[in-house]
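Visitor: Can you keep this structure in mind? I'll have questions shortly.
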Amino acid sequence: MVEDEEKGEMVVTPWEVSGEIDYERLIEEFGTQPIDDQLLERIKKHTGELHPQLRRRIFFSHRDLDWILDMYEGGRSFVLYTGRGPSGPVHIGHLIPWIFTKHLQDVFGSKLYFQMTDDEKFLVKPELTLEKTNSLAYDNALDVIAVGFNPKKTKIIMDSESGGILYKLAIRIAKRITFSTIKAAFGLEESSNIGIIFFPAIQAVPCFIESHLEGENVPCLIPAAIDQDPYWRVTRDVAPKLGYYKPAQIHCKFLPGLGKGGKMSASMPETCIFTTDTPEEAKKKLWNAFTGGRPTAKEQRLHGGNPTICPIYHYYYYLFEPDDKRLEEIRWECRTGKTLCGECKLRLAERVGRFLTEHQKKREEARDKIEEYIFKIKD
Ligand code: TYM
């Protein structure tokens, strides 16, 4: 917990993100490192042109990414690890770290462990049964596969079905973590159920699965938004006590929702574009979005809009305009009042519609591939 939600200020936990997010302050308070120009240059040596999410500082913070590169340059491969808590349909914000993870898999040839925490969502959401979160896990896996991960190098771990290996590693991890550590990292209460107190040990497991299976230490890099960081702080503490490498992280910012401020969140469906929305539904939501525009067209033409606070502009920035030159034009046309919000929204809606149609096609094709991706080792 970073600040008190009731004051309307920043709150960033794995289960809640609200208020105005100050990413520089998060770097300080979470004790991570900014991704600086020097590190970007180093990454560029391996990736060729930098991925837009790095160029645009959407991935902005890390822990031990330089060490991962040291290892890689010394001839050691690393595994990637990311995941999803299946509590509902996937939205386009979730795709941000997954698209970047696929890029890393392509460039570095890494194996990926993708964890589906149907157990976590069952434990934290009183209204959800385990049957429901498990069926959502299979549904959400279609989105993961649709992103295009290499089936030969990607394993999706269905938590509630992976008992043996997951449980044996989790109890070894859990033995080294105290209740007070978990309470401090996650802000749990005396009244929290004991499942959720234990759960961080489960989310730690995939950091070490490859090392466990290989019988020797394998570095692990976790791409995710910064809300998941409390899990990694706890995991990094425990890793050396178990003889494992500390997992490294690369953190991204949040794709905002379509309202004023705050991240895209499924709990506010009208400000959230789900991957299963039809292009028409998405268009309607985009049309109703908050923008950085002026109250009247006349004022907008005269004074221009404010792209910095505008979710529509952010969607171009995060996902829908990869060309930096064209993005700058969109920004300039807004600032100078050359483009009005309606036109800007309609152009974006067209792109979002095309993206959704393509994604949904791949999502359907994924139904026949799902078995290939599921992690099967039980012990
Ligand atoms: P979950 O399902 O809340 O989120 C899945 C992933 O999406 C990121 N994310 C976002 N990224 C950009 N913009 C947004 N608006 C946005 N909202 C969510 C999250 O940071 C996450 O990377 N406990 C996890 C599941 C999990 C996991 C992991 C995630 C298990 N192991 C390892 C990352 C890495 C969860 O509930 O994620």
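Visitor: Being of a type outside the set (A, V, I, L, M) and either open to solvent by 40 Å² or more (accessible area, probe 1.4 Å) or over 18 Å from PRO89 (Cβ atoms) (or both) is the filter here, so list the residues in the range 260-278 that pass it.
Guide: LYS260, GLY261, GLY262, LYS263, SER267, PRO269, GLU270, THR276, THR278
Visitor: May I pose another question? Could you tell me how many of the residues in the range 279-316 are within 14 Å of ARG347 (Cβ to Cβ) and open to solvent by 50 Å² or more (accessible area, probe 1.4 Å)?
Guide: Residues meeting the conditions: 2.
Visitor: Among the residues of the range 75-103, write down those that are aliphatic (A, V, I, L, M) and open to solvent by 10 Å² or more (accessible area, probe 1.4 Å).
Guide: ILE99
Visitor: Which of the residues spanning the range 104-134 are open to solvent by 10 Å² or more (accessible area, probe 1.4 Å), out of contact with any Gly (no Cβ under 6 Å at 6 or more places or on another chain) and near the ligand (Cβ under 9 Å from one of its atoms)?
Guide: Answer for the range 104-134, where residues must be open to solvent by 10 Å² or more (accessible area, probe 1.4 Å), out of contact with any Gly (no Cβ under 6 Å at 6 or more places or on another chain) and near the ligand (Cβ under 9 Å from one of its atoms): just VAL124.
Visitor: Going by what's in this entry, would ASP237 be described as within 24 Å of ILE197 (Cα to Cα) and open to solvent by 40 Å² or more (accessible area, probe 1.4 Å)?
Guide: yes
Visitor: Which of the helices (runs of 4 or more DSSP H) found entirely inside the range 1-107 contain at least 3 residues meeting this: more than 13 Å from CYS252 (Cβ to Cβ) and polar (S, T, N, Q)?
Guide: none
The values are calculated or read from the model by the stated rules, or taken from the named source; none is laboratory data. Model, not experiment: these values are computed from the prediction. All Cβ positions, even for glycine, are placed from backbone atoms using ideal geometry, and neighbour counts span all protein chains on display. Ligands, DNA and RNA are excluded from the accessible area calculation, which covers all protein heavy atoms including side chains. Shrake-Rupley method; radii C 1.70, N 1.55, O 1.52, S 1.80 Å.
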